[in-house]
Amino acid sequence: MKHFTILTLFPEMFPGPLAHSVTGHALNNLWRCEAINLRDFAGNKHNRVDDEPFGGGAGMVIRAEVVMAALEHVEQNNKAGDQPCVIHLTPRGKLLTPEIAKNLATAQNITLICGRYEAIDQRLFDYYNQQHANNPILELSIGDYVLSGGELPAMVLIDSILRFVPGVLGKEESHTEESHEHGMLEHHHYTRPAEWRGHKVPETLLTGDHKKIKAFREEEAKTITNKLRPDLLEKNRKKILE
Ligand code: ADE
């Protein structure tokens, strides 16, 4: 079973929305998640996990020792013995792509570090990566905007990974024809009635001719991608030329 360990100051946020719909059906069946409170590793009377930044500036910084103690706790409790993949959610990270999500779907153990406040002391990463030179912390961002903490990005990441875990998506929800699966956006979708408020479903879709329908949808996907996200087509073109 796939295991996510989440290091957070707000463990009660998990599994949250992941307990619903397709990811919810697979919870405790194909995957599980354990949220660990960073405050339990504060190591002081007042359970303080943060302190003022050296050099001044806005916001507080999470102490390196707090996160390291939590990571060591996870390491010691890892019965399977395989090295977990440790990920820090940060707007400074590499942009999450379907390829990254697909790769992570094969990892058995994933530990997610969710920051809050201004940042985590940089020495946590320097120290951990020195100790785990063959398996350093992966820094991931879910987009070029700043959120209040790593919890929502962690949920987005988990959802995107789970969609590539065999059995999580039913046949009906298969991702083989989804947006981004082939580096393109998806074609439009229609359901009954065939005519609604004067708007008709494209005729090809009613023919039952699967070859024709496939060609129609491919063409539509190209037109939509060209109109809405021409950058994706350019990215694909470059990939092919590489
Ligand atoms: N934490 C705050 N903003 C973030 C983002 N855009 N991606 C990942 N982690 C974050």
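The values are calculated or read from the model by the stated rules, or taken from the named source; none is laboratory data. These numbers come from a predicted model, not from an experiment. Please note: Cβ atoms are built from the backbone with ideal geometry, for glycine as well, and neighbour counts cover all protein chains shown. Note: accessible area is taken over every heavy atom of the protein model, side chains too, but ligands, DNA and RNA are not part of it. Shrake-Rupley method; radii C 1.70, N 1.55, O 1.52, S 1.80 Å.
Under 29 Å of direct C-alpha separation, and excluding same-chain neighbours fewer than eight residues apart, K94 reaches these lysines: K2, K102, K222, K227, K235, K238, K239.
Quarter the surface of the alpha carbon convex hull of the range 112-242 and you get the mean projected area, 13.1 square nanometres. Between amide H atoms placed 1.01 Å from N, distances below 5 Å from S141 occur with T90, G93, K94, L95, L96, all of them 5 or more places distant or on a separate chain.
Based on DSSP H segments of at least four residues, each scored -39500 (n - 2.57), the chain has a per-residue ellipticity at 222 nm of -10000 deg cm²/dmol. Computed from the Cβ-Cβ distance with R0 of 41 Å, the FRET efficiency linking E181 to M60 stands at 0.50.
Put a plus charge on the Cβ of each Lys and Arg, a minus charge on the Cβ of each Asp and Glu, and nothing anywhere else: the dipole of the range 129-219 about its Cα centre is then about 380 debye.
Of the peptides 199-207, 98-106, the ranking by mean beta-carbon count within 10 Å, highest at the top, reads 98-106, 199-207. The C-alpha atoms of the chain define a longest principal axis, and helix 122-131 lies at about 90 degrees to it. For the chain, the longest principal axis of the alpha carbon atoms and the long axis of helix 151-162 meet at an angle near 50°. Per the Debye calculation on the range 1-105 with a single equal scatterer at every Cα and no solvent contribution, log₁₀ I(q)/I(0) for q = 0.11, 0.14 Å⁻¹ amounts to -0.45, -0.73. In plain terms, if you count all Cα to Cα distances in the chain and split them into 5 Å steps from zero, the share in each step is 1, 5, 11, 14, 16, 14, 11, 9, 7, 5, 3, 3, 1, 0, 0 percent. When D126, D50 are compared by accessible surface with a 1.4 Å probe, the order from highest to lowest is D126, D50. Once backbone amide H atoms are built at 1.01 Å from N, T111 has T5, C85, V86, I87 as its partners under 5 Å, excluding neighbours fewer than 5 places away on the same chain.
Starting from the range 151-199, pick out the trypsin sites (Lys or Arg not before Pro) whose DSSP state is loop and whose Cβ has at most 12 other Cβ atoms within 10 Å. Hits after loop and neighbour filter: R197. Mean-square fluctuations from a GNM of the chain, with a 10 angstrom spring cutoff on Cα atoms, peak among R39, R229, R116 at R229.
Checking the a/c ratio against 1.5 first, then a/b against b/c, what shape does the Cα gyration tensor give for the range 54-106? Cα axes put the range 54-106 in the oblate bin.
Among the protein heavy atoms, those of T223 account for about 90 Å² of accessible surface (1.4 Å probe, every chain in place).
With both labels modelled 7 Å from their Cα along Cα-to-Cβ, the K239 to L138 distance reads 1.7 nm. Against the chain, whose longest principal axis comes from its Cα atoms, helix 64-76 is set at around 70 degrees. Across the range 41-53, computed HN-Hα scalar couplings (Karplus, 6.51 cos²θ - 1.76 cosθ + 1.60, θ = phi - 60°) run 10, 4, x, 9, 4, 8, 6, 7, 9, 10, 7, 6, x Hz from first to last residue, x flagging Gly and Pro.
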